1. As an exercise: evaluate residue 153 against (1) assigned to a strand (DSSP E or B); (2) within 20 Å of residue 43 (Cβ to Cβ); (3) in contact (Cβ under 8 Å) with a residue 12 or more places away in the chain and give the number of the one condition it does not meet.
2. Can you name the residue in the range 142-163 that is closer than 15 Å to residue 76 by Cα and not β-branched (Val, Ile, Thr) and is also surrounded by the most Cβ atoms within 10 Å (Cβ to Cβ) among such residues?
3. Being assigned by TED's automatic domain parsing to the domain that holds residue 157, touching a residue at least 12 places away in the same chain (Cβ under 8 Å), in contact with a Phe, Trp or Tyr (Cβ under 6 Å, 6 or more places away or on another chain) and among the β-branched types (Val, Ile, Thr) is the requirement here; does residue 124 meet it?
4. Return the only residue of 126, 156 being touching a Lys or Arg at 6+ places or on another chain (Cβ under 6 Å) and of a type in the set (Ser, Thr, Tyr).
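The values are calculated or read from the model by the stated rules, or taken from the named source; none is laboratory data. Since this is a predicted model, take the numbers as computed values, not measurements. Positions of Cβ are generated from backbone atoms using ideal geometry, with glycine treated the same way; all protein chains shown enter the neighbour counts.
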Amino acid sequence: MIKTRKAQEEIVGFVLIVVIVSVMIVIFLGFSIRNNNTPAQESKDVYRFLESSMQYTTDCAISYEPAYLNLGDLIRECYKDASLCISEKQPCAVAKETLKALIDSAFPQISPESSIKGYEYKSIYSRENASQEEIIFLSKGNCSQSIRGAEVLIPSYPGTISNSLNLCY
């Protein structure tokens, strides 16, 4: 009778260990699922889109008519805020129109019903002393879920202009 009681105690101990390990696994899974809100994942497609869009020729010429600026140079002019396009438009307005048209044509499926729910585009000027100034901000849709994006830098002495596009899934 003593042997059967010892076997029962060992089985109860084994079941207790299995229950404790199971609870720990459930807690670990809960933390890993809850921490799924990771920062934006780097996307090569978005990077290529941004890189090529910075070379897109806009309809803004600053000094004379056939010298149209590419989008990267136009954003730089937008930050300087020193000149107008020959068409009397502000460089920032032309840059926003051009960016919106490029994003909407490259990602036409952005809607609440599709896989891409929205986007956020930011153009920010940063100096070495860590001061930042927003130049352009465009957004569309809902960006509360997972994000894939990229960033392209444009040198603009004495700082850098960071252009980032995040697609929200």
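1. It is condition (3) that residue 153 fails.
2. At the first step, the residues of the range 142-163 found to be closer than 15 Å to residue 76 by Cα are 152-163.
From what's left, not β-branched (Val, Ile, Thr): 153, 155-159, 162-163.
Details: 153: 13, 155: 10, 156: 18, 157: 6, 158: 8, 159: 17, 162: 16, 163: 23.
Filtering the range 142-163 for residues that are closer than 15 Å to residue 76 by Cα and not β-branched (Val, Ile, Thr), the one surrounded by the most Cβ atoms within 10 Å (Cβ to Cβ) comes out as 163.
3. Working: assigned by TED's automatic domain parsing to the domain that holds residue 157: yes; touching a residue at least 12 places away in the same chain (Cβ under 8 Å): yes; in contact with a Phe, Trp or Tyr (Cβ under 6 Å, 6 or more places away or on another chain): no; among the β-branched types (Val, Ile, Thr): yes.
In short, no.
4. Working: 126 fails: touching a Lys or Arg at 6+ places or on another chain (Cβ under 6 Å).
So the residue among 126, 156 that is touching a Lys or Arg at 6+ places or on another chain (Cβ under 6 Å) and of a type in the set (Ser, Thr, Tyr) is 156.
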